[in-house]
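The values are calculated or read from the model by the stated rules, or taken from the named source; none is laboratory data. Given the structure is predicted, the values throughout are model-derived calculations rather than measurements. Glycine also receives a Cβ, built like all others from the backbone with ideal geometry; neighbour counts cover every protein chain displayed.
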Amino acid sequence: MAKVPVQFTLNGSETAEFVDSGTTLLHTLRDKIGDTSPKGGCHQGTCGACSVIIDGELRLSCLTLAETCDGAVISTTSGLSENGILHPLQRAFLDTFATQCGFCTPGMIMAAKVLLDHTPNPSRDEVVEALSGNICRCTGYEPIIQAVLTAARSNSQNAA
Amino acid sequence: MELRKNYFADVRKDDLHEIGQPRPRSDSPGHVTGKTAFFADRTFPGMLHLKMVRSPHHHARIRSIDTSEAEKHPGVVKILTAKDVPHNVYTILILIQVGPEDETVLADGKVRWKGEAVVAVLAETERAAQEAAAKVKVDYEVLPAVFDMEEALKPGAPLVNEYHGQNYYLYDSGECRKVRFGDVEAGFAGADHVLEQSYQSSPIEHAPTETTGCVVTPEGNDRFTCYTNTQAMFFTLDNTSIILQMPGSKLHFVGGTVGGGFGGKVDVIVEPIAILGAKLTGRPVCFIYSREEEMQISSPRAAEKVVIKDGVMKDGRIVARKVTGYTDAGAYSRHSPYGAQKGAGHYPGPYTIPNVWIDTYCVYTNRTPSSAMRGFGVTIGDFALEVQMDKLARLIGMDPLEFRFINAYRDGDMKAHRQPTEGAALIECMQEASRAANWPVAEKYLAMSSYVKGA
Ligand code: FES
Ligand code: FES
């Protein structure tokens, strides 16, 4: 099968890969490039575990074809901390016990990041809405909502 | 919510350093940075993908299996049927001497539930495996099926599982687990009221966010490393050793990181066949359930039916309780004979009742085999018991919490299955619940204690 070349920026690094036409971005990131932070919980767009940020938008990498990402800027949870310093969202997820098995966590953090990038001081309802495409079977969501609100608060304190 | 500390103050040391202190979870830094390695985060060059051909029927005889078209499909490396599995008929609890072996790794001559594994296809890509699986031809003769436990127990019902010979698990105590304590009929005869109710539940799927699966690599020396999300590492290793007739020293299991389990990942389902595939091809193999398989194929919590008959006095004492419990194992035992047995010990609830009679049946039907899930064997029983407790309290016009105080077990009370009660704290929990929920009870109940009889 003919391979298609794709180039994109992944967590700040130039990345290039030859993919089979029709390959998902999730598969490309995990099995070709080795960034396993996006998870495959359903491969059909229903769980949100594979969420990544493409050109500033939250996207499901299991429903995104790799070849459509040529030239894109992609972020995943594995690229969030800088020089070993956790991002405020990561810190907040730790502090509020918002992870149990951790399988949903990278996707949750991506969804939360896009929310805070657009809406630095969200209401609780806005947090719930932003996380509504991400399934967590362990926590019952409440600590995750608290984590996002806590991160938003610590961001605004830092800014002040 | 602040909890009082005066309960058991004289029997509890208060110099605890860890209790009440927040401690970070050791695994969360990996979770929030995406570094935690789940089994499927490992990939190996040349890895094959395993897909199952599954039964479309609830109950059928297999007349023939034709894999010739599937074998020709591009990318297919190996196709496995029952004859390839060294010890194809197994049961998980054989490790603790709970037999008989009653389940096939790959169906042999018969399928007993819709979704049962029949043929395993190993191919270069997931897509090739899936396409080839669709080309396997299985000729079935459909048999009558039974889906209801009471129907299954009737004479003349279709026989689900020949390894049992009847549609219930045969315990050493007979057709059910039995608890006999006191004289239940005399208890009913002397009761002011008798209430019989039946309760039932449907199967419940755990629906973990990470689906069941494993990745296996041959180490080149007849040894296999299996990365798995099993919740039962050694159970899986030992059962795999039996199924593959391979010493445990040849099997290296790596796991402990589970993307949600809730009991749904304690069956031994994916590992033996994936390791067999790796052995017969010499290549790494991954077998990962699709979301659809996780929902339809992985074992759910058993459906249960619980019939409770209680004799109660006007002053609130329960004087007799008779329970008949039914656990729907589906087509195979897995953990259900154990679940039904747990129910037998549990049905009196945390209450001291002088006359108890319990029968619990583990029943086979042509439904998806059920297995462990958070408190299996007792959770549905607790739902039934506590609803029954509320109904009894209403029947005699008593506050439901006070009614429970009257019947609560205390240290030294003999339980119906002949275990003396120790370390009871139900009364103290209810006292605290009464306070925290602002549900007042009479002073005399607040003066009660679990370990001072008659206080
Ligand atoms: S894996 Fe993409 S939404 Fe579930
Ligand atoms: S922490 Fe397990 S699914 Fe969210």
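So here's what we get for this one:
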| read-out | value |
| --- | --- |
| Residue list for the stretch A:87-99, filter: more than 8 Å from chain B (Cβ to nearest Cβ) and not in a helix (DSSP H, G or I) | A:His87, A:Thr96, A:Ala98 |
| Residue count, the stretch B:399-432 (criterion: over 19 Å from B:Met389 (Cβ atoms), of a type outside the set (A, V, I, L, M) and not in a loop (DSSP other than H, G, I, E, B)) | 1 |
| Residues being assigned to a loop (DSSP other than H, G, I, E, B) and within 14 Å of chain A (Cβ to nearest Cβ) - total across the stretch B:274-299 | 4 |
| Test: residue in the stretch A:101-111 that is facing chain B (nearest Cβ under 8 Å), crowded, with 24+ Cβ neighbours inside 10 Å and more than 16 Å from ligand 1 (Cβ to nearest atom) | no |
| Matching residues, the stretch B:161-218, being buried (at least 21 other Cβ atoms within 10 Å of the Cβ) and in a loop (DSSP other than H, G, I, E, B) | B:Asn161, B:Asn167, B:Tyr169, B:Cys176, B:His206, B:Pro208, B:Thr209, B:Glu210, B:Thr211, B:Thr212 |
| Failed criterion for A:Gly84 (all others in (1) without any contact (Cβ under 8 Å) to a residue 60 or more places away in the chain; (2) within 13 Å of chain B (Cβ to nearest Cβ); (3) closer than 26 Å to A:His27 by Cβ hold) | (3) |
| Conditions (1) more than 8 Å from chain B (Cβ to nearest Cβ); (2) within 16 Å of ligand 1 (Cβ to nearest atom); (3) assigned to a helix (DSSP H, G or I); number of the one not met by A:Leu116 | (2) |
| Any hit, the stretch A:53-60, residues being under 25 Å from B:Phe44 (Cβ atoms) and outside the structural domain of A:Thr105 (by TED's automatic domain parsing) | no |
| Residues of the stretch B:255-273 satisfying the condition of being in a loop (DSSP other than H, G, I, E, B) and among the charged types (D, E, K, R) | B:Lys265, B:Asp267 |
| Sole residue being more than 13 Å from every other protein chain (Cβ to nearest Cβ), of a type in the set (Asp, Glu) and under 27 Å from A:Leu94 (Cα atoms), chosen from A:Glu17, A:Glu57 | A:Glu57 |
| Cβ-Cβ under 6 Å pairs, at least 6 apart or on other chains, the stretch B:4-33 side more than 7 Å from every other protein chain (Cβ to nearest Cβ), far side among the charged types (D, E, K, R) and part of a helix (DSSP H, G or I) | B:Tyr7/B:Glu428 |
| Positions within the stretch A:22-51 being in contact with a strand residue (DSSP E or B) (Cβ under 6 Å, 6 or more places away or on another chain) and closer than 16 Å to B:Glu126 by Cβ, in sequence order | A:Thr28, A:Lys32, A:Cys50 |
| Among (1) farther than 29 Å from B:Val312 by Cβ; (2) surrounded by fewer than 24 Cβ atoms within 10 Å (Cβ to Cβ), the one test that B:Asp382 misses | (1) |
| Test set (1) over 30 Å from A:Ser21 (Cα atoms); (2) within 16 Å of ligand 1 (Cβ to nearest atom); (3) assigned to a helix (DSSP H, G or I) - A:Cys136 fails condition number | (3) |
| Subset of the stretch B:367-394 that is in a loop (DSSP other than H, G, I, E, B) and aliphatic (A, V, I, L, M) - its residue that is nearest to the chain's Cα centre (by Cα) | B:Ala372 |
| Residue in the stretch B:237-254 that is nearest to ligand 1 (Cβ to nearest atom), counting only those that are in a loop (DSSP other than H, G, I, E, B) and on the phi < 0 side of the Ramachandran plot | B:Met246 |
| Some residue of the stretch A:133-154 being of a type outside the set (Gly, Ala, Ser), at the interface with chain B (Cβ under 10 Å from one of its Cβ atoms), within 16 Å of ligand 2 (Cβ to nearest atom) and within 30 Å of A:Lys3 (Cα to Cα) | no |
